[in-house]
Amino acid sequence: MNWKRSAIAAAFAIPIIGLFVFGMRHDPKDIPSPLPGTIAPSFALQVFAPGQAPLGRPIGDTIRLADMRGQVVVLNFWASWCLSCRDEHAVLSEVARGYTGKAVRFVGSLYQDRPSAGTEWIAELGGQSYPSVEDPQARTAIDYGLYGVPETFILAADGRIARKITGPAEAAVVTKIVDSLLASAPAARGGTK
């Protein structure tokens, strides 16, 4: 009789232990995306928050992905209601300033939020070095397969998605990816100056 109880207990315990082991070995923020390595979905979105000089763009200006071909693009999806977005805001602004004058462009894309709330949020956090655009009806976010905010896509100079970062982007991670993309770009190998 005791061996039956032991067998039943083991039958229930083994799958539960297996789930714990699986969960401990996987990062819950690591959500696989089929997009890295593919051509980035095109967009043309209007600036609602200009950013600061020299990276800023006028309010109402249209930022087109096609116009940034040949440059590394860091596209960050965020919202004023997103608490995790606060964690990365200053980091991304500082990293963007560090690439001033280089073939790197940072763009923020407001996700399911009002531009007025986004503008107030940016002001509350001390400004933003790069422009943010409005994504009406989240069409661009859908094209990029957004799971939630914050998410950051880093696009290579050839227009392909090189990397997706889920959750708050860290300076060291963004810098490492951008630097490797700059080093492998044709201009870095002496193609154009």
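What follows is calculated from the coordinates using simple rules that are stated; it is not laboratory data. Computed from a predicted model, the values in this text were never measured in an experiment. Cβ sites come from the backbone with ideal geometry, for glycine too, and all protein chains shown count toward neighbours.
Before moving on, here are some points about what is shown:
- Taking the three principal axes of the alpha carbon atoms in the range 44-189, the coordinate ranges are 43, 29, 28 Å, sorted in descending order.
- By the Stokes-Einstein formula, at 0.890 mPa s and 25 °C, the range 133-172 with its Kirkwood radius over alpha-carbon pairs has D equal to 218 µm²/s.
- Counting beta carbons within 10 Å around each of E151, E124, E134 and listing the fewest first gives the order E124, E134, E151.
- When each of the peptides 71-81, 138-148 is scored by how many other beta carbons lie within 10 Å of its residues on average, the order from highest to lowest is 71-81, 138-148.
- When D61, D135 are arranged by Cβ crowding within 10 Å, least crowded first, meaning fewest neighbours, the order is D61, D135.
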